[in-house]
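The values are calculated or read from the model by the stated rules, or taken from the named source; none is laboratory data. As the structure is a prediction and not an experimental result, all values here were calculated from the model. Cβ coordinates were reconstructed from backbone atoms using ideal geometry, including for glycine residues, and neighbour counts include every protein chain displayed.
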């Protein structure tokens, strides 16, 4: 079974769209040349006018649509787009929504539906109807006509982020050089703020611009200063000075305040006892990435694990949530390299409720941040208290894991534009 999902965004005005709510063939979802091609079909005025007037969609109208479509999106191609007219319906929407398609049946899912699935007794808290592996396809985009001329994205290009870079340009004015950023901009860094965060902040002040997170907000996250604010939701943690007098004997997770050696889990992250933890700390203190960070020792909390990777690294049921202040921007399964990752695409109810509770605290200290939350071993997916906060990261430097880039940048733009 496959779910195909088209994502659209409109702001304050209501929009009329065409969907095909009947098994057989999709309408807009069966033609995927681009974001623009799907929007063209969704909002095609002659069909909307005819359907609202109770008139039949004639073969001549279909032929006209096909010709217009080919001229706009299939230049030089002979093949006509497939246009199904048997079950078309006009619906009016406002705000964010999905048009999801399964076996030709298109359905409308609003943003409210997306976050209130638990209110429908026919849908399990783990159902993934609104998210799917197919959402990573570049043609699944959001449409957002709102002008955001005061937003600027500073993106550090890298081969591993090239696709994300191209998608970000659909929604933001993207710059690779800080000197090119226009005056009076709100600057969203993507992989570009380190290692000279403070200097970047100072440079931007000269043209009246500000970073989405101040240097102080970044430091609150990167230095692990957030621990005191969220300690009831995350594993107990000791600094190097506190560790020697701690009564807890293990097991531990040993890491830097910001980074870890998770892909060397068995040798450089997991410690069964204090002695092993001290040995790992000594190794990390010479690591080129971690040596300038404080070493911290965290209580090892068993998590619900789906499989194991290299060096016995446990792939747990864990989700990554991006937030802007208290608003969830996007979320998805954390372990994109896990073989069973596609079975856990969309965060269940308990994870969403838990992340939102933690965001209520973190939003007092940072604007743009990531929460990684995981299910405790034996926990219930739908219960908020069975989830635990693994860590907080600066949204400017955090990877997307399994979050669809189109969804992420479209929603980020919407949130920052409101």
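What to note about this one:
- Residue in the stretch 221-233 that is modelled with pLDDT of 90 or more and part of a strand (DSSP E or B) present: no
- Any hit, the stretch 323-339, residues being in contact with a helix residue (DSSP H, G or I) (Cβ under 7 Å, 6 or more places away or on another chain), surrounded by fewer than 20 Cβ atoms within 10 Å (Cβ to Cβ) and part of a helix (DSSP H, G or I): no
- The one condition from (1) within 30 Å of residue 364 (Cα to Cα); (2) surrounded by 13 or more Cβ atoms within 10 Å (Cβ to Cβ); (3) in contact with a strand residue (DSSP E or B) (Cβ under 8 Å, 6 or more places away or on another chain) that residue 215 does not meet is (3).
- Residue list for the stretch 285-297, filter: crowded, with 20+ Cβ neighbours inside 10 Å and touching a strand residue (DSSP E or B) at 6+ places or on another chain (Cβ under 6 Å): 290, 296, 297
- Helices (runs of 4 or more DSSP H) fully within the stretch 1-97 that include at least 1 residues being over 29 Å from the mean Cα position of the chain (by Cα) and at pLDDT 70 or above: 45-52, 59-73.
- Counted residues, the stretch 344-364 - those being in contact with a strand residue (DSSP E or B) (Cβ under 8 Å, 6 or more places away or on another chain) and either more than 16 Å from residue 382 (Cα to Cα) or part of a loop (DSSP other than H, G, I, E, B) (or both): 7
- Subset of the stretch 304-322 (residues that are free of Cβ contacts under 8 Å to residues at least 60 places away in the same chain and in a strand (DSSP E or B)): 306, 307, 308, 314, 315, 316, 319, 321
- Residues satisfying the stated conditions in the stretch 153-176, i.e. over 14 Å from residue 409 (Cα atoms), surrounded by fewer than 17 Cβ atoms within 10 Å (Cβ to Cβ) and touching a strand residue (DSSP E or B) at 6+ places or on another chain (Cβ under 8 Å): 156, 176
Yes/no per residue for (1) touching a residue at least 40 places away in the same chain (Cβ under 8 Å); (2) farther than 29 Å from residue 276 by Cα; (3) assigned by TED's automatic domain parsing to the domain that holds residue 288:
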{"site": "195", "(1), (2), (3)": "no, yes, no"}
{"site": "205", "(1), (2), (3)": "no, yes, no"}
{"site": "223", "(1), (2), (3)": "yes, no, no"}
{"site": "228", "(1), (2), (3)": "no, no, no"}
{"site": "248", "(1), (2), (3)": "yes, no, yes"}
{"site": "251", "(1), (2), (3)": "yes, no, yes"}
{"site": "254", "(1), (2), (3)": "yes, no, yes"}
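- Residue that is at pLDDT below 90 and either under 28 Å from residue 406 (Cα atoms) or touching a strand residue (DSSP E or B) at 6+ places or on another chain (Cβ under 9 Å) (or both), where the choices are 382, 331, 336: 336
- Meets criteria (modelled with pLDDT under 95, buried (at least 18 other Cβ atoms within 10 Å of the Cβ), at negative phi and part of a helix (DSSP H, G or I)) for residue 411: yes
- Qualifying residue in the stretch 243-265 (condition: in a loop (DSSP other than H, G, I, E, B), surrounded by 19 or more Cβ atoms within 10 Å (Cβ to Cβ) and touching a helix residue (DSSP H, G or I) at 6+ places or on another chain (Cβ under 6 Å)): yes
- Qualifying residue in the stretch 183-190 (condition: surrounded by fewer than 14 Cβ atoms within 10 Å (Cβ to Cβ), touching a helix residue (DSSP H, G or I) at 6+ places or on another chain (Cβ under 9 Å) and farther than 30 Å from residue 301 by Cβ): no
- Test result for residue 118, in a helix (DSSP H, G or I), surrounded by 13 or more Cβ atoms within 10 Å (Cβ to Cβ), out of contact with any strand residue (DSSP E or B) (no Cβ under 7 Å at 6 or more places or on another chain) and modelled with pLDDT under 65: yes
- Which numbered condition residue 349 fails, given (1) closer than 27 Å to residue 254 by Cα; (2) surrounded by 18 or more Cβ atoms within 10 Å (Cβ to Cβ); (3) at pLDDT below 95: (1)
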